[in-house]
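K.L.:
Submitted below is the structure of interest, expressed as structure tokens.
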Amino acid sequence: MVPLSPRRTLLSLPLVVALCATSHAQTAAPAPTGATAAWTIKPKGDIRWQQVTPAGALLISTDAELAGVDIERGQVTWEKPELGGLPPDSVRMVEGSLLMEAARPGLLIVFDPVTGAVVFDSRRLSLAQVVTRRVLPQSGTLLVHGRRAAGPPVVALYDLVTGDQRWANEALFQQTEPQKKGLGGLMQRLVTAASEATALEVLQAGSDMIVVHTLMGLRALDARSGAVRWSATLPTARAGNPARHVRLFPSLDKTDRIYVGFDDRLMAYRLADGQALWSKPPTIDGWVHGIVQHPNGIIILPESPPAKEATGNVRIVNGVVQTGLNVVRYDDGTTIADKPLRMRGTVTDALITGGSAVLAVDAESRTFVNVLDVATASVRLKKDVKIKGQLDYAELTPAGLLYISRPDASTNAEVNVIDLASGEPKFKDAIESGKPLGSGDYNAARYALHHAVEGTTLYVFASHDHRLYAVDRNAGSFRALGGEIKLQGDEDPVDMEIRPGGIVLIAPQNLVVVARDGQVKQQVYYPAPQLPGLLRALYRLNAVRAGLYGAAASAYGDAFAQASRNATDTTARRITGQLATAYSQGGAQLAGYSHQAASLASKRFKASLAVPGSVFMLTRAPEGNGNVLLQIDKDTGLPRSRVDLGKEREPVYAVDDVAGMLFLKTAAGTLVGYRL
């Protein structure tokens, strides 16, 4: 079996540096000091690695089994001998869920890490390839689509709690139109074969309906039985040609519909019967990259398709297929502008601010910005403004468009304000990040423009000159605060936050507390161990701060909480605040999981909303005998607790600061949990 490899999304988890390393070393580590041993367990076999899952359970891998541990009680809650000896990359989170999956040749198992219950086992359906897997928490199910070595492909639905198969459908990829002969029949068969091997687009449309798209069309499935309620053929530019680029979007305010983007078109479909709600699909120039549902209309964001697959009037400038954006009325699907607004390439985002949206346009690694007036579908700047890096933060202020960009391996990031009347940047010498020249180990976090907002002030730290800046958001001016802030060990900050005592800059081995006038109040440095194995492990950071990150409830909840804190528009702040509260309480996104998993996940997410007061740093023992993990207080820079890790080059341990615990392999088959 060759399972699909899910996208590995690296989320920026705030304010924690925790290290998780693996080892086959047999040398026993000494007992920690400065921390209390809460429990000791002895799983079967030699411990190879461990990880804290988003749901809050601890997984231990030995050469004999994969086991789940209740970290509060220190008890092994389940064991799976068939998954013993798996490498760490073979056990990972199922994207957008609390579940985990384990893969080895010929086998894919999806399981609840808290209860150990198997939700899906590829052997049940004799699958040779798992093409699609999607967790649908609203209906408490997992949808799987796969191919067999012999026989038709199958789509099946499994209960998230019991793992029971609710239904299986082997007819989803059958042709619904009459069988053709000759070339037409050959094309039908080719489309069917391609559809069977292509991942499904899946959308949960309420608790009782699942909408999927195959290359053969749109299907609405009854979530209880798997029966097809209705089918719809997407009205492509050339009838009979399947759409090549399809995206399904839920409707945020109108519960009677969904939106489907296909190639250069968008259509609204009624959930009750699959009927198109608009007389014809509105079109843009380029493929539909995404939509933004603004109160004044639906902004259709275009992307540059491959030149040979572009439709309509194709314009290519410097090798980039030019696109066109438009805004659609909700009621009838008509466009506000007669012609699409010309864009230089892919519109990657539209950041809503009041009645406007800040557009970020990517054109072959060059980024342009403009401001869209949604009600009139017109841009406020006569000419797109080119910026350095990729857009990271933007807001409309009395001074103009204030933005911060992200750097990449070839371009600095910057902070600037664009005058909306002239379209010119206000800062002639903008605040810039640093970047390596000719470096092969580029680290974006190191060269980012770390920033935080407090009142009318935006604080920014620039690694270009190692200085802290204060930007007046209303006046559109900035000034440097204090002098150069040099971190030891050739480090740059990887995070920044505002605390009552000042602005805290955090690096793997440095912590600096800076007063609001730029004066350094406290600076500490704990050198990294100079052992090759530990240095490698140091950069395999396993940030477990949020616990639920990657799972739908927490990812959305935290995003809404951040948006609410940063929003300047009072309506946006109110709405996003309500959403954050709903998700932090679990809500429908956790309803389908086991009671144990949902309860633990909700508890961990609520805990994660509190900003931690410490970070973890790995360093040499002060007395020069081995290595230690220190928990450093952000306000004082002093160690709160210390755990000795011995002299092993790659000690097997994990830190979970949501639970306030460290898990350390102290002998080949012994794991100890310490409360920090």
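K.L.:
Rounded to whole Hz and in sequence order, give me ³J(HN,Hα) for segment 244-249 from the Karplus expression 6.51 cos²θ - 1.76 cosθ + 1.60, θ = phi - 60°, writing x for Gly and Pro.
P.N.:
9, 9, 10, 9, 9, 10
K.L.:
If one computes the Cα centroid of segment 124-169 and of segment 295-368, what distance in Å separates the two points?
P.N.:
36 Å
K.L.:
What FRET efficiency comes out for the pair residue 37/residue 199, r = Cβ-Cβ distance, R0 = 45 Å, nearest 0.05?
P.N.:
Numbers: r = 47 Å, r/R0 = 1.03.
So, using R0 = 45 Å, E works out to roughly 0.45.
K.L.:
Same structure, new question: Could you state the number of Å between the C-alpha centres of segment 197-217 and segment 45-62?
P.N.:
That distance is 34 Å.
K.L.:
Please say if segment 616-676 is rounded, prolate or oblate, where rounded means a/c under 1.5 for a ≥ b ≥ c the square roots of the C-alpha gyration tensor eigenvalues, and otherwise the choice is prolate for a/b larger than b/c and oblate otherwise?
P.N.:
It comes out oblate by the Cα gyration axes.
K.L.:
Next question, about the same structure. Put a dot 7 Å past each Cα toward the Cβ at residue 159 and residue 272; how far apart are the dots in nm?
P.N.:
3.2 nm
K.L.:
Moving on. Compute the signed sum of charges (Lys and Arg +1, Asp and Glu -1) over the other residues within less than 14 Å, Cβ to Cβ, of residue 76.
P.N.:
Numbers: positive: 42, 44, 73, 80; negative: 65, 70, 72, 79.
Result for the local shell: 0.
K.L.:
Hey, with R₀ at 35 Å, roughly what FRET efficiency would residue 104 and residue 72 work out to, going by the Cβ-Cβ distance, to 0.05? If you can, show how the numbers build up before the last one.
P.N.:
On the way: r = 30 Å, r/R0 = 0.87.
After rounding to 0.05, the efficiency reads 0.70.
K.L.:
Tell me, what HN-Hα J-couplings in whole Hz come from the Karplus equation 6.51 cos²θ - 1.76 cosθ + 1.60 at θ = phi - 60° for each residue of segment 592-597, using x for Gly and Pro?
P.N.:
Each residue's phi maps through the Karplus curve to give x, 7, 4, 4, 5, 5 Hz.
K.L.:
Ordered by packing density, taken as the mean number of other Cβ atoms within 10 Å over each peptide's residues, highest first, how do 49-62, 496-509, 210-223 rank? Before the final figure, lay out the partial values.
P.N.:
Working: 49-62: 24.5, 496-509: 18.7, 210-223: 21.9.
Taking the mean over residues of other Cβ atoms within 10 Å, the ranking is 49-62, 210-223, 496-509.
K.L.:
Under the Karplus relation 6.51 cos²θ - 1.76 cosθ + 1.60, θ = phi - 60°, what is the ordered set of whole-Hz ³J(HN,Hα) values for segment 360-371, x standing for Gly and Pro?
P.N.:
Karplus values, whole Hz, x for Gly and Pro: 10, 10, 9, 10, 6, 6, 9, 10, 10, 10, 7, 10.
K.L.:
What is the gain in length, in nm to one decimal, between residue 332 and residue 477 on full extension, counting 0.36 nm per residue of separation less the C-alpha to C-alpha distance?
P.N.:
Full-extension gain reported as 47.7 nm.
K.L.:
By how many nm would the segment from residue 315 to residue 419 grow when fully extended, if each residue of separation counts as 0.36 nm and the alpha-carbon distance is taken off?
P.N.:
Length gained between residue 315 and residue 419: 34.5 nm.
K.L.:
Another question, if that's okay. Give me the distance in nm between label points sitting 7 Å out from Cα along the Cα-to-Cβ direction at residue 222 and residue 365, one decimal.
P.N.:
5.4 nm
K.L.:
Between residue 63 and residue 623, what FRET efficiency follows from the Cβ-Cβ distance if R0 is 35 Å, with the result rounded to 0.05?
P.N.:
With a Förster radius of 35 Å, E is 0.50.
K.L.:
Further question: Out of residues 5 or more away from residue 129 or on other chains, whose amide H comes under 5 Å of its own, with H placed 1.01 Å from N in the peptide plane?
P.N.:
So residue 129 has HN proximity to 2, 147.
K.L.:
Based only on other Cβ atoms within 10 Å, what is the fewest-to-most ordering of 317, 119, 228? Intermediate values should be presented prior to the final figure.
P.N.:
Details: 317 11, 119 27, 228 16.
Result, fewest neighbours first: 317, 228, 119.
K.L.:
Still on this structure, please answer the following. When a/c is below 1.5 the answer is rounded, else prolate if a/b is larger than b/c, else oblate, so apply that to segment 244-384 with a ≥ b ≥ c taken from the square roots of the Cα gyration tensor eigenvalues.
P.N.:
Oblate is the answer for segment 244-384, as a/c is 1.5 or above yet b/c matches or exceeds a/b.
K.L.:
For segment 291-392, which GluC sites (Glu not before Pro) are in a loop by DSSP, counting at most 14 other Cβ atoms within 10 Å?
P.N.:
364
K.L.:
Tell me the label-point distance for the pair residue 121, residue 429, using the 7 Å Cα-to-Cβ offset, in nm and rounded to one decimal.
P.N.:
Label at residue 121, label at residue 429, 6.9 nm between them.
K.L.:
State whether segment 44-181 is rounded, prolate or oblate according to the following rule on the C-alpha gyration tensor (a ≥ b ≥ c being the square roots of its eigenvalues): a/c under 1.5 gives rounded; otherwise a/b larger than b/c gives prolate, and the remaining case gives oblate.
P.N.:
Taking the square roots of the gyration eigenvalues as a ≥ b ≥ c, segment 44-181 is prolate.
Each value in this text was obtained by applying a stated rule to the coordinates, not by laboratory testing. For clarity, every value in this text was computed on a predicted model and none was experimentally measured. Using ideal geometry, Cβ is built from the backbone for each residue, glycine included, and neighbour counts are taken over all protein chains shown.
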